[in-house]
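First up is the structure itself, then whatever we jot down about it.
The values are calculated or read from the model by the stated rules, or taken from the named source; none is laboratory data. Source: prediction; values computed, not measured. Quick reminder, even Gly has a Cβ in these numbers, built from the backbone with ideal geometry, and neighbours come from all protein chains shown.
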Amino acid sequence: MTDQDKPARGAEILPLRAKRPCPICGRDSQRDAYPFCSKRCKDVDLHRWLSNSYAIPAVETEESALASDDDLPADQGGRRDL
């Protein structure tokens, strides 16, 4: 490493990611478990996803409701082709 490659004395080294609160417990995140604070909180979050505790909200539009009715059998409310 040459003198040009070395940071100047007193130079501030910035972290790669800003610390933010852990989404599970609220403590500061750690680099090895980002955005969580620990492996435990990572595992808690994974368990919540795998057990369907989290759900992504969806808004059904009239078009998608009509399209899904076409997929149903006629006796269950689907469209009949005459």
query: Any residue in the stretch 44-65 that is surrounded by 10 or more Cβ atoms within 10 Å (Cβ to Cβ), among the charged types (D, E, K, R) and at pLDDT 80 or above?
result: yes
task: Kindly provide the set of residues from the stretch 1-27 that are at pLDDT 95 or above and loosely packed, with under 10 Cβ neighbours inside 10 Å, ordered by number.
output: GLY26
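Out of the stretch 26-43, which residues are assigned to a helix (DSSP H, G or I) and farther than 14 Å from LEU16 by Cα?
Within the stretch 26-43, LYS39, ARG40, CYS41, LYS42, ASP43 qualify.
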